[in-house]
Amino acid sequence: MLGLMQSQQLLISSLIEFAQRHHGTAEVVSRRVEGDIHRYTYEDVAQRARKVAHALDKLELAFSDRVATLAWNGYRHLELYFGVSGTGKVLHTLNPRLHPDQIVWIANHAEDKVLCFDMTFLPIVKAVHGRCTTIKHFIALCDADKLPADTGIPGLQSYEAWIAAQPTQYSWPEFDENSASSMCYTSGTTGNPKAALYSHRSTMLHAMAGALPDALSMSARDSVLPVVPMFHVNAWGLPYSAAMTGAKLVFPGPAMDGKSIFELIEAEEVSFAAGVPTVWQMMLAHMQTGNLRFSTLKRTVIGGSACPPAMITAFNDVYGVEVLHAWGMTEMSPLGTVCTLKNKHLSMSPADKMTVRLKQGRGIFGVDMKIVDGEGSELPWDGKVYGDLLVKGPWVIKEYFKGEGGAALVDGWFPTGDVATIDSDGYMQITDRSKDVIKSGGEWISSIDVENVAMAHPAVAMAACIGMKHPKWDERPIIAVVKKPGAEVSRDELIAFYEGKTAKWQIPDDVVFVEAIPLGGTGKMQKTKLRDMLRDYKLPGV
Ligand code: AMP
């Protein structure tokens, strides 16, 4: 017997319709490429998303055709989020930090038909448009009078001119909720990038679960700043969860430096912000220098790479901001776990609480996890034994776009490539990427643990641990360190700093001071590049 409830498809267009009807006056504020602050409401977003829908219809694209963006976090990008997916096209967010050759490869692989780009990226588009063989329409996200005359890009038009004459009424099409809605290529460091292709259903369920109190806890009382880019995994679903809850949205545009982010948080009374550790590093340095304090920021979700304990302490103890450590992947839309405390943790000592907060957190409803050994046998949730982390759920990838990379699943589970422990309360802790874990004398050393100790030293701005070949131990860890400007620490002082903080055999064999640690397009440390940089390095005594 089937249930007798209405079977309404979960479609992204319903989000902006809801936001308009119930939160029409809630604000969306953007720092623009033009440098000024743009301010309007969900009512305006909805009207302009419908104009986008009409304009797209005029291009006579097929259902599921890809419409690419090369854009910062801003209101026009938001309109495309709803306008493109709402009409049944696929929003393909390109990462402008990639090398132009990679952008060409990805755009051709995705068979993008339209490219909408911020003027910041005009030089990239000028350089690549001739090689993007499937793109037929180029749209610059600006006013008509900001468009230079002689770009050489065929048929280039401004976004504002493109949508200007379109009506604000539109009847969003109804279709299968399993239809593709958006896509994002992985920031994979080996081989060609592969794309995760999200559906309306997966996006809606992810946005709903992400907004829950023990996840990101979003509501109409929040002012939300996604520093995490809209060009990488849909800004962790925040634009969708915000529309679903009526939260005010604040977009940083291209200004990602500590000063600009801090000023935006203060001016727009931001209560909740989301970003990767490198962004917060810059902002905390700015605040420290100016002895600044937050007036409204209550919580920040930090993920994308491991959040160092020193950062959790700074946010929590110095600035009174709760850190939600979170973990996810492009292949998971991306949210997998969020570290929110249970009742039993609240009365813990600060040190014990920190042990919990350092973990990547509990699986949010919808994400099932397990850890397995080399033979694929499931390992216990005791917080000690570590193994390969596998996940499944309605917003976890089934296979990559065009079947690239073969089957993504093993017995219905997606192997994340991360190594983790899970404790009896269900808190997962990443010990490493499986390829970064250091195998020393038959034991594994977590590069994250080694980095976290170094990051707690006051003279260290950034630290990356990698394994170096060793004739006796197989591999030994070394730590590459960027010093804070004007700060000093010697190799021996830093090695001594590890005493008592970690087991002796986990202390790195050496410290290498570097000017910078290579970062990838999404702000993650690129250890393969670091290994290349240190190709000629020899471990002491080897
Ligand atoms: P991406 O698909 O580019 O978002 O990268 C996903 C990978 O980033 C994961 O598989 C993890 O290795 C890493 N990652 C994401 N969040 C965290 C976190 N909180 N701690 C440690 N690693 C993380």
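When you go through HIS54, HIS23 one by one, which is the residue that is within 21 Å of GLU174 (Cβ to Cβ) and open to solvent by 20 Å² or more (accessible area, probe 1.4 Å)?
Result of the check over HIS54, HIS23: HIS54.
Residues are listed down the side, and each one gets a yes or a no for (1) aliphatic (A, V, I, L, M); (2) open to solvent by less than 10 Å² (accessible area, probe 1.4 Å); (3) out of contact with any Lys or Arg (no Cβ under 9 Å at 6 or more places or on another chain):
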| residue | (1), (2), (3) |
| --- | --- |
| GLY320 | no, no, no |
| LEU389 | yes, yes, no |
| VAL396 | yes, no, yes |
| ASP411 | no, no, yes |
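Would it be correct to say that SER434 is among the polar types (S, T, N, Q) and either surrounded by fewer than 23 Cβ atoms within 10 Å (Cβ to Cβ) or within 27 Å of ASP214 (Cα to Cα) (or both)?
For SER434, the condition - among the polar types (S, T, N, Q) and either surrounded by fewer than 23 Cβ atoms within 10 Å (Cβ to Cβ) or within 27 Å of ASP214 (Cα to Cα) (or both) - is met.
Among the numbered criteria (1) open to solvent by 20 Å² or more (accessible area, probe 1.4 Å); (2) free of Cβ contacts under 8 Å to residues at least 40 places away in the same chain; (3) under 18 Å from PRO518 (Cα atoms), which single criterion is violated by ILE479?
If we test ILE479 against (1) open to solvent by 20 Å² or more (accessible area, probe 1.4 Å); (2) free of Cβ contacts under 8 Å to residues at least 40 places away in the same chain; (3) under 18 Å from PRO518 (Cα atoms), just (1) comes out false.
For region 350-380, which residues satisfy the criterion of being touching a Lys or Arg at 6+ places or on another chain (Cβ under 9 Å), over 30 Å from MET204 (Cα atoms) and open to solvent by 40 Å² or more (accessible area, probe 1.4 Å)?
Selection gives GLU378 alone.
Output the strands (runs of 3 or more DSSP E) that fall wholly within region 357-445 and possess 1 or more residues being hydroxyl-bearing (Ser, Thr, Tyr) and away from the ligand (no atom under 15 Å from the Cβ), or say none.
In region 357-445, the matching strands (runs of 3 or more DSSP E) lie at 438-440.
So in region 1-24, with the set limited to residues that are in contact with a Phe, Trp or Tyr (Cβ under 8 Å, 6 or more places away or on another chain) and assigned to a loop (DSSP other than H, G, I, E, B), which one is farthest from VAL84 (Cα to Cα)?
Here the residue is GLY24.
Regarding region 313-324, can at least one residue be identified that is of a type in the set (Phe, Trp, Tyr), modelled with pLDDT of 95 or more and within 9 Å of the ligand (Cβ to nearest atom)?
The answer is no, given that none of the residues of region 313-324 is of a type in the set (Phe, Trp, Tyr), modelled with pLDDT of 95 or more and within 9 Å of the ligand (Cβ to nearest atom).
Within 16 Å of the ligand (Cβ to nearest atom), without any contact (Cβ under 8 Å) to a residue 60 or more places away in the chain and among the β-branched types (Val, Ile, Thr): is that true of ILE517 in this structure?
yes
Filter region 293-315 down to the residues that are among the polar types (S, T, N, Q) and free of Cβ contacts under 8 Å to residues at least 60 places away in the same chain, then identify the one that is surrounded by the fewest Cβ atoms within 10 Å (Cβ to Cβ).
SER295
Among the candidates ASP176, ASP150, ASP143, which residue alone is at pLDDT below 95, open to solvent by 20 Å² or more (accessible area, probe 1.4 Å), out of contact with any Phe, Trp or Tyr (no Cβ under 6 Å at 6 or more places or on another chain) and charged (D, E, K, R)?
The unique qualifying residue is ASP150.
Against the definition (among the small types (Gly, Ala, Ser), more than 13 Å from the ligand (Cβ to nearest atom) and either at pLDDT 95 or above or crowded, with 16+ Cβ neighbours inside 10 Å (or both)), how does SER347 come out, yes or no?
Here the answer is yes, as SER347 does meet what is asked.
Return the residues of region 510-528 that are touching a Phe, Trp or Tyr at 6+ places or on another chain (Cβ under 9 Å) and open to solvent by 40 Å² or more (accessible area, probe 1.4 Å); say none if nothing qualifies.
none
What pairs can you find where one residue is in region 524-542 and touching a residue at least 40 places away in the same chain (Cβ under 8 Å), the other is open to solvent by less than 90 Å² (accessible area, probe 1.4 Å) and in a helix (DSSP H, G or I), and their Cβ atoms are less than 9 Å apart, with a gap of 6+ or different chains?
As it stands, the answer is LYS524/THR278; MET525/THR278; MET525/GLU451; LYS527/SER447, since those pairs meet every condition given.
Can you say whether MET218 is without any contact (Cβ under 8 Å) to a residue 60 or more places away in the chain and farther than 30 Å from PHE63 by Cβ, as far as the supplied structure shows?
So MET218 fits the description; yes.
The values are calculated or read from the model by the stated rules, or taken from the named source; none is laboratory data. Because the structure is a prediction, the values reported are computed rather than measured. Don't worry about glycine lacking a Cβ; one is built from the backbone with ideal geometry, like all the others, and counts go over all protein chains shown. The accessibility values were calculated without ligands, DNA or RNA, using every heavy atom of the protein model including side chains. Shrake-Rupley method; radii C 1.70, N 1.55, O 1.52, S 1.80 Å.
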